[in-house]
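One structure below.
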Amino acid sequence: MIHLVDIDRSIVELNLAIAEHHAWAGKLLQLSLLGGEPDEAITHEQAHEKCCFSVWFSRFKIEPSRYQRLVEHIYDMHIIMHDRARELLTSITEKRVTEQVLQQYHDAQQQFVYAIDKYKQALLTFRNMHDTLTGLPLRHLLYLDFEHIRTDPQRSATLWLLMMDIDRFKTVNDVWGHNAGDDVLRDVAATLEAGANHDERIYRFGGEEFVVLLNRSSEQDAMDAARHIRAWLEQHPVVLENAVLPVTVTGGLTRVSTCDSLHTAIGRADRALYYGKNSGRNRCVLATREEEMVTL
């Protein structure tokens, strides 16, 4: 699962790579106007692997980007831009530069910058789909991720949705104040992330409600996961300034069938959640396709 801090790190790393490219372009301009001895980052046939900007690409070999196609487009434009730069410098050195060669470099440079800007904008848009209080993705990203999962037959066939609501959260705000309420939301989100498996996606759905998308091969596995998440939160009380506050959640679990929309699945999970609220709280309830409510 991607964290808000990971997105911020990606933006910082991209800005540093852009600054390095500006330095490279400045050196090319200096060589073109004043002459000098160019290095491999300009003259080598594989110059795109020699320049500082190329280091930025290395992280995607280990940690693929959510926007992999945009990164691949930057990579392609980076190669072309280096090829055109090498051709331009060679033509200047040999005193045979033409307007066409200069224009080809200019166009390649513009396409490269445009590809970077498009990816950066995608990152910023993605960041804005995250909650600044908890760092969790918000409802809009849940809808996008849900549609993406639906295109993967293996994952969509084993998809479960767990909706959770913090018990008596209004009392926390009324008794302890809204700052304490924010602390509870932050701690619950952090506790959820700390206890989540790698294939569990957690979202802040709104207010004190959270949604977890689970990939589980059987009903028993899904029920065990819901029980684990509820118990994990119960075992990790929130530490406020002058007190330790036990926090529990009530959850509604449902399997997402291939014909379910996200709206339908959330509605079924929500009904299971409120069944759990009305029958005692601090529990998870499974809503079957037939709307049977099973307390876990």
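The values are calculated or read from the model by the stated rules, or taken from the named source; none is laboratory data. Note that the structure is predicted; figures quoted are calculated from it, not measured. Here the Cβ positions follow ideal geometry from the backbone for every residue, glycine too, while neighbour counts run over all protein chains shown. Just so you know, the surface numbers come from the protein's heavy atoms only, side chains and all, with ligands and any DNA or RNA stripped out. Shrake-Rupley method; radii C 1.70, N 1.55, O 1.52, S 1.80 Å.
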Here is a check on your reading of the model: is Thr295 farther than 27 Å from Val172 by Cα, of a type in the set (Val, Ile, Thr) and open to solvent by 60 Å² or more (accessible area, probe 1.4 Å)? no
Check region 13-28 and report whether any residue there is touching a residue at least 60 places away in the same chain (Cβ under 8 Å) and over 20 Å from Lys120 (Cα atoms). yes
Conditions first: (1) among the basic types (Lys, Arg); (2) without any contact (Cβ under 8 Å) to a residue 12 or more places away in the chain; (3) more than 30 Å from Arg127 (Cβ to Cβ). Lys61 passes all but one, so which condition is the exception? (3)
Would you confirm whether any residue within region 14-32 is closer than 30 Å to Leu142 by Cβ and of a type outside the set (Lys, Arg)? yes
Of all residues making up region 39-58, the number that are in contact (Cβ under 8 Å) with a residue 24 or more places away in the chain, open to solvent by less than 60 Å² (accessible area, probe 1.4 Å) and either under 23 Å from Glu87 (Cα atoms) or over 26 Å from the mean Cα position of the chain (by Cα) (or both): 6
Limited to region 110-138, what total is found for residues that are surrounded by fewer than 19 Cβ atoms within 10 Å (Cβ to Cβ), over 19 Å from Glu72 (Cβ atoms), over 13 Å from the mean Cα position of the chain (by Cα) and polar (S, T, N, Q)? 1
One residue from Val211, Val238 being touching a helix residue (DSSP H, G or I) at 6+ places or on another chain (Cβ under 9 Å), surrounded by 17 or more Cβ atoms within 10 Å (Cβ to Cβ) and either over 23 Å from Thr171 (Cα atoms) or in contact (Cβ under 8 Å) with a residue 60 or more places away in the chain (or both): Val211
